[in-house]
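Read the structure below first, then the notes.
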Amino acid sequence: MFETLHRYRYHYLMLLPGLILGGMFVFYPIVAACYYAMHDWSGFNSDKVFVGMGNFVKLFSDPIFWDAFKRSLVFLLGTVPLQMSVSLVLAVLLNNQLLKMSTWFRTMIFLPVVTPVAVIGIIWTFLLSPFNGPINGLLLDLGIISRPVDFLGSSATVMPSVIGVYVWKWLGITLIYWLAALQTVPDEVYDSAKLDRCRGARLIWYIVLPIILPFALAILLISAVGALNVFPLIMSMTNGGPFFASEVMEIFIYRTAFATGDGSIPRLGYAAAAGVFFGVVVLSLTILQAIATRRARASAKQVRS
Amino acid sequence: MTSRNRSGLSRRAFIQGTTAIVAGTALGAGRSLAQTVPAPINTIAEGTTFRWIDSGDQKAVFYKKFFADYAKDRGVEVVYDALPWNEIAQVVPLGVRNNSAHDVFALPQNVNPADAVAQGWVQPYDDFIPNIDEWKAGFPDGAFLPGINEFDGKTYGLPFTSNKRYGTHLLYNKAYMEAAGYDPEAKPLSWSEFRDASRKITEAGKGRYFGFIIGGSQLGRWSQTIRNMGRMAGASAGGDSVIEADIDFRTGEYVFDSDQYIAAIELLIAMQSDGSVFPGVMSMNAPQARAFMPQGAAGMILQGPWNIGGWEGNNPGFDFGVSSGPVPDEGPVGKLTIGQGALAPNTMWLFKGSELGPIAGDIFHYLGTLEGQTAWANIVGAGDPPIFPAALDGAEMSARSKAILQHFNDAIRVGPNPIVGNAELGKVIGSFQAPEINFARTVQGLVAGELKGVAAEMKGLKDRYNASLDAAFAAAKADGAQVDRSDLVFANWNPDVDFGAADY
């Protein structure tokens, strides 16, 4: 073993910076979060009491935590299918070399991706404003509504609004993934399909989609994990309100750990427990997706051959 | 040497910073900013870097000028950081933990002073101000209090601004109000008139402007508004720390389910139903809401005196009036109760790890003299009034500022402060965990229509707060504190008069 270590010492040396940085900024925080999750601690004083699994027990009986968890799932289910299907349709259209201005369309759709989330959040707050907001103005002018809609101030409309903004913001990145996936479909496959008079939707459904299925699962995974990381957008648009209506898990964790008011003291230990639980859920999702991707890749090979 | 100012880049910090800068520029244009740096009271080592952090706003306007002059005069560098409270809540504890905290800091709002002393965050500054007792005697009664800013006979906190202000008085568009047929400066609006004025202004606005606006996504606006309306309607209760807020000291019980609090919430719900509340208030914070006023988009806002200087400076064409918050339709107007003469969030503390106590003492001393207090009043005005009443006499201030400060003197009384009666209550404050669906959220939920049944919800809220308070007492007792809920009862309290040291 030592001989192997010695032989590859330069290789290991090259790995060292990554390991150190990963240790500092990835592994240590994970270990620290697990450690804090087992303590009743505000985070700012020395009164740190070991409570074992106590925080988790409390967490599982906390209806506000479960509501936030459900909202995260609703957000995930609301954004990912929409984002993937719309971007796939756009990718199929824009993948057509004969379509004029496809580069321009791609750029326009990608533009929100490179715009900072906080800027997007603030701009959309203005756009959706019930007072002089252009969206309400348009809906009023068209006679669709008779009174301005308080999109971000009503529990009925806040989640669909934030979901809509999120999908708009990240549509471009999913589009790029789909385009990359579509470009892996060999030209011969298209040519063969044409010879067999398989065109249009049938071509996409029976030929293209099975080939790009492994990519679809990878894109699904990336989109799903992305949809669970919506802290800056929701903070800049709604702060989790009104009355918890847009409080997803990350906002719950942040509010519990730091943001305080009206006599609340931070509960870093409790927030860490929520974070650990949420992390485990995301990790499970990732593992499931990895397994599914592997299986899909195997079946895609069969289609190609 | 130089003075350096930094501020965060968060949206709130940006808004606050911009407001402060613009206000400062405007104030500077219209009013003398003359400040003289007094002779040093301590030997100051040149070339050192002294750091100070607080929540900025209008304080920043004063400090930017003062610290620049001070640094130049003393041959030191002064770094002044103005951060929003949520960032102070992270920066200060981290700094203390890493022994790199600012020399002087404002305590995060969730850290009570007794804890800060017990945890070794701060040090007394008695040794850095010669004849400190004589200096302290210049402050009004109730500025220095054991358990608040004095511990074990030593002085820890600098209480230099007044707590005699409240953040929900009426600011209104004069033209709109006149058209609605009211003159709140001549006679404060009653609750019914407030609702009627809001309706009339909205009708006149025809969708271009509305009667009433509030920063409804900023939760504290809801609790403050209902608390102050309820207390002015006669639900006497404290309003400061968690062992005072909404507690009637005569009984030691919460007043959340009082008729006055319930009626105040129902009034806001009714105004919402009238359609006379600005659309979109639930997704708007306080700075956004108040920014709509000078634009003429809303007729009335219940806010604080810090708007006066900003609007007068930035929007000289905006004709606005200031008056008392809405008063009850009938019966006497209740007084608002404060727990101490000094504004707690502005109280400054000397970091235990700081070796620059002489500089801190030098600056603290100046801020606690009539000269320093007058310089403060000249710049900060009614927004953050100085604690020396005499400083207001000599200060240059607008008529609106003077009128609202006069109103504060009429409307506010110093009430009992339980921690003065029993310093060990600090452990209760440290253990108190407000219910997750707290007062502010409950009011927001009721006005937004997310919660139904005001009376039942407020009763439930009272039960939740009682459970939290009982748990905090139990935790403090388990920690060895000699405390009891009867410590919150002051049977001799008369809400209409100041509660002095002799009354404890």
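A few points about this structure:
- Taking residues in segment B:437-454 that are more than 7 Å from chain A (Cβ to nearest Cβ), and partners anywhere that are outside any helix (DSSP H, G or I) and of a type in the set (A, V, I, L, M), the pairs with Cβ atoms closer than 7 Å and at least 6 places apart or on different chains are B:Thr442/B:Leu451.
- Residue in segment B:199-217 that is buried (at least 24 other Cβ atoms within 10 Å of the Cβ), assigned to a helix (DSSP H, G or I) and touching a helix residue (DSSP H, G or I) at 6+ places or on another chain (Cβ under 9 Å) present: yes
- Subset of segment B:455-487 [more than 12 Å from chain A (Cβ to nearest Cβ) and in contact with a strand residue (DSSP E or B) (Cβ under 6 Å, 6 or more places away or on another chain)]: B:Lys462
- Some residue of segment A:164-176 being at pLDDT 85 or above, of a type in the set (Gly, Ala, Ser) and within 30 Å of B:Gly449 (Cβ to Cβ): yes
- Residues that are in a loop (DSSP other than H, G, I, E, B) and either open to solvent by less than 60 Å² (accessible area, probe 1.4 Å) or more than 14 Å from chain B (Cβ to nearest Cβ) (or both) occur at least once in segment A:198-214.
- Residues of segment B:249-291 that turn out to be in contact (Cβ under 8 Å) with a residue 24 or more places away in the chain and either part of a helix (DSSP H, G or I) or more than 30 Å from B:Ala491 (Cβ to Cβ) (or both), as a count: 30
- Elements of type helices (runs of 4 or more DSSP H) in segment A:66-150, at least 3 residues being touching a Cys at 6+ places or on another chain (Cβ under 7 Å) and more than 12 Å from chain B (Cβ to nearest Cβ): none
- Residue match in segment B:415-434 (condition: in contact with a strand residue (DSSP E or B) (Cβ under 9 Å, 6 or more places away or on another chain), at pLDDT 90 or above and β-branched (Val, Ile, Thr)): no
- Highlighted here are the strands (runs of 3 or more DSSP E) found entirely within segment B:314-377 that include at least 1 residues which are polar (S, T, N, Q) and more than 19 Å from B:Phe50 (Cα to Cα): B:320-323, B:336-338.
- Some residue of segment B:376-386 being free of Cβ contacts under 8 Å to residues at least 12 places away in the same chain and in the same structural domain as B:Ala101 (by TED's automatic domain parsing): no
- A:Trp178 vs. criteria of a type in the set (A, V, I, L, M, F, W, C), surrounded by 20 or more Cβ atoms within 10 Å (Cβ to Cβ) and in a helix (DSSP H, G or I): yes
- Any hit, segment A:122-143, residues being of a type in the set (Val, Ile, Thr) and touching a residue at least 40 places away in the same chain (Cβ under 8 Å): yes
- When residues of segment B:89-100 are limited to those that are out of contact with any Ser or Thr (no Cβ under 8 Å at 6 or more places or on another chain) and either small (Gly, Ala, Ser) or under 22 Å from B:Ile379 (Cα atoms) (or both), the one surrounded by the fewest Cβ atoms within 10 Å (Cβ to Cβ): B:Ser100
- Against the conditions (1) over 23 Å from the mean Cα position of the chain (by Cα); (2) surrounded by 16 or more Cβ atoms within 10 Å (Cβ to Cβ), B:Val414 satisfies every one except (1).
- Evaluated against (1) aromatic (Phe, Trp, Tyr); (2) open to solvent by less than 30 Å² (accessible area, probe 1.4 Å); (3) at pLDDT below 90, A:Phe252 falls short on exactly one condition, (3).
This table checks each residue for (1) open to solvent by 10 Å² or more (accessible area, probe 1.4 Å); (2) within 14 Å of chain A (Cβ to nearest Cβ); (3) under 23 Å from A:Phe258 (Cα atoms).
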residue	(1), (2), (3)
B:Val37	yes, no, no
B:Thr49	yes, no, no
B:Asp57	yes, no, yes
B:Val76	no, no, no
B:Glu87	yes, yes, yes
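- Among the residues of segment B:127-170, those that are surrounded by fewer than 17 Cβ atoms within 10 Å (Cβ to Cβ) and either of a type in the set (D, E, K, R) or at positive phi (or both) comprise B:Asp127, B:Asn131, B:Asp133, B:Glu134, B:Lys136, B:Asp141, B:Asp152, B:Gly153, B:Lys154.
- Single condition B:Phe490 does not satisfy, out of (1) at pLDDT 95 or above; (2) under 28 Å from A:Asp62 (Cα atoms); (3) not basic (Lys, Arg): (2)
- All positions within segment A:151-160 that are touching a residue at least 40 places away in the same chain (Cβ under 8 Å) and either open to solvent by less than 20 Å² (accessible area, probe 1.4 Å) or outside any loop (DSSP other than H, G, I, E, B) (or both): A:Leu152, A:Gly153, A:Ser155, A:Val158, A:Met159, A:Pro160
- Residue check for A:Pro232: within 14 Å of another protein chain (Cβ to nearest Cβ) and surrounded by 21 or more Cβ atoms within 10 Å (Cβ to Cβ): no
- In segment B:420-436, the residues that are open to solvent by 10 Å² or more (accessible area, probe 1.4 Å), part of a helix (DSSP H, G or I) and either more than 14 Å from chain A (Cβ to nearest Cβ) or in contact (Cβ under 8 Å) with a residue 60 or more places away in the chain (or both): B:Val420, B:Gly421, B:Lys427, B:Ile429, B:Gly430
- Residue match in segment A:99-109 (condition: in contact (Cβ under 8 Å) with a residue 60 or more places away in the chain and open to solvent by less than 20 Å² (accessible area, probe 1.4 Å)): no
- Condition check for B:Leu461: open to solvent by less than 30 Å² (accessible area, probe 1.4 Å), touching a residue at least 12 places away in the same chain (Cβ under 8 Å) and out of contact with any Lys or Arg (no Cβ under 9 Å at 6 or more places or on another chain): yes
The values are calculated or read from the model by the stated rules, or taken from the named source; none is laboratory data. Just so we're clear, the structure is a prediction, and the values are computed from it rather than from any experiment. Positions of Cβ are backbone-derived with ideal geometry, glycine not excepted, and every protein chain shown enters the neighbour counts. Side chains included, ligands, DNA and RNA excluded: accessible areas come from the protein's heavy atoms. Shrake-Rupley method; radii C 1.70, N 1.55, O 1.52, S 1.80 Å.
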